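The values are calculated or read from the model by the stated rules, or taken from the named source; none is laboratory data. Computed from a prediction, not measured in an experiment: that's the story for all the values here. Here Cβ is always computed from backbone atoms with ideal geometry, including for glycine, and neighbour counts include all displayed protein chains. Heavy atoms of the whole protein, side chains included, go into the accessibility calculation; ligands, DNA and RNA do not. Shrake-Rupley method; radii C 1.70, N 1.55, O 1.52, S 1.80 Å.
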Amino acid sequence: MNHFAVITIDLNPNLLQVGPITLTWHGIFSVLGILATIRLAAWIATRDGFTPEQIYDGAFWAVVVGLMGARLHFVLENYRLFAGHLIRVLYVNEGGISQWGGVFGAMVGLLIWARWKKYSFWKLLDAAGPGALLGLGIGRIGDIINGEHHGTPTNLPWAVNYVNPRTLGQPGLPVHPEVAYEMILCGLIVAALLPFHFRLMRRLPPGVLGLIYLGVYAFGRFFLSYFRADQIEFGLRQAQWASALMVLLAIVFVPILLRRRDERGPTLAPVPLGGGGETRTPPPEPPLQPESEPASDPGRRNHVEGGSRRNPKARGEEPSASPPGQ
């Protein structure tokens with residue numbers, strides 16, 4: 001193969017080591033990605049009635065359960081590495097987490113917290129959708145440096161070749177920078193939808209927009225996975241099965257949420273409450289009541305304004321509806 005413009009990456013995946021603690025590029029950008037996810041989600045959620053403190057509380061659950069899901073998914077994907085050495089499952093300092101395991105785990109953690117606090121999980125998902133893609137894109141920078149996810153060989157000009165002795169990539173073999181493709185995909189989706197996020201959020205029922213973010217990413221990720229040299233299970237790569245599951249969830253739940261909105265009637269746009277960006281949905285207008293007496297009757301108007309009230313039941317009359325606001 002003729003590689004006339006191969007991108008050479010000669011970086012040590014370990015940035016710093018102090019005793020048993022190793023600081024890696026993957027770890028740094030993973031943390032930065034998590035922080036970016038939380039910050040963007042908090043900014044969006046405050047426009048939908050939540051406070052930043054509530055979002056940070058929910059983020060704790062999402063991060064903890066997400067990390068557990070990321071590790072569990074990695075172990076299941078690479079069970080041969082742990083066969084006969086189950087104690088190594090706990091050796092998280094050796095690395096080994098799965099992106100989709102983290103996404104699904106974070107969704108489960110957020111669902112548990114939302115049910116506990118009696119909050120709308122679907123509104124939280126709308127806020128977390130763009131933040132999740134932003135965080136995934138940032139985290140992929142560390143993967144590019146480390147060469148953790150192996151690409152398939154290619155002779156394209158933008159092929160990457162890892163040459164550092166400690167690299168986790170494939171030294172001497174120009175491959176597709178598949179994780180860079182994923183980073184670009186995340187950036188394109190966020191750039192396309194985020195400018196219209198609040199407009200769409202007012203027009204779509206809660207949960208639909210978040211599922212669109214994740215569903216579109218999963219759809220693209222399914223095809224990008226063909227550029228990975230991952231293990232194939234039942235005809236597909238492992239990440240493709242997870243991507244297909246996310247697409248399936250979006251296909252199933254988006255119509256359900258839209259139908260639920262149609263049954264309940266149109267959703268009213270949130271109105272700012274002022275201070276902190278909180279919003280409130282205005283109550284529907286009360287139905288008009290027939291007037292038993294002309295509104296222009298000065299005697300009735302003076303009687304009501306003077307604060308005197310009669311007991312209609314004492315006279316055998318039916319009580320009339322109170323005007324709105326009284």
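A few points about this structure:
- Restricting region 94-119 to residues that are open to solvent by 40 Å² or more (accessible area, probe 1.4 Å) and outside any helix (DSSP H, G or I) leaves a set whose member that is farthest from Leu185 (Cα to Cα) is Lys118.
- Some residue of region 172-184 being open to solvent by 40 Å² or more (accessible area, probe 1.4 Å) and part of a loop (DSSP other than H, G, I, E, B): yes
- A count restricted to region 210-230 and to residues that are open to solvent by less than 40 Å² (accessible area, probe 1.4 Å) and either in a helix (DSSP H, G or I) or over 15 Å from His149 (Cβ atoms) (or both) stands at 11.
- Qualifying residue in region 198-209 (condition: closer than 24 Å to Val31 by Cβ, open to solvent by less than 10 Å² (accessible area, probe 1.4 Å), in contact with an Asp or Glu (Cβ under 9 Å, 6 or more places away or on another chain) and not basic (Lys, Arg)): no
Yes or no, residue by residue, for (1) among the acidic types (Asp, Glu); (2) over 30 Å from Leu200 (Cα atoms); (3) touching a residue at least 60 places away in the same chain (Cβ under 8 Å); (4) surrounded by 21 or more Cβ atoms within 10 Å (Cβ to Cβ):
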site: Gly131; (1), (2), (3), (4): no, no, yes, yes
site: Gly135; (1), (2), (3), (4): no, no, yes, yes
site: Gly142; (1), (2), (3), (4): no, yes, yes, yes
site: Asn155; (1), (2), (3), (4): no, yes, yes, no
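- Qualifying positions in region 1-46 - in a loop (DSSP other than H, G, I, E, B) and surrounded by 13 or more Cβ atoms within 10 Å (Cβ to Cβ): His3, Val6, Leu11, Asn12, Pro13
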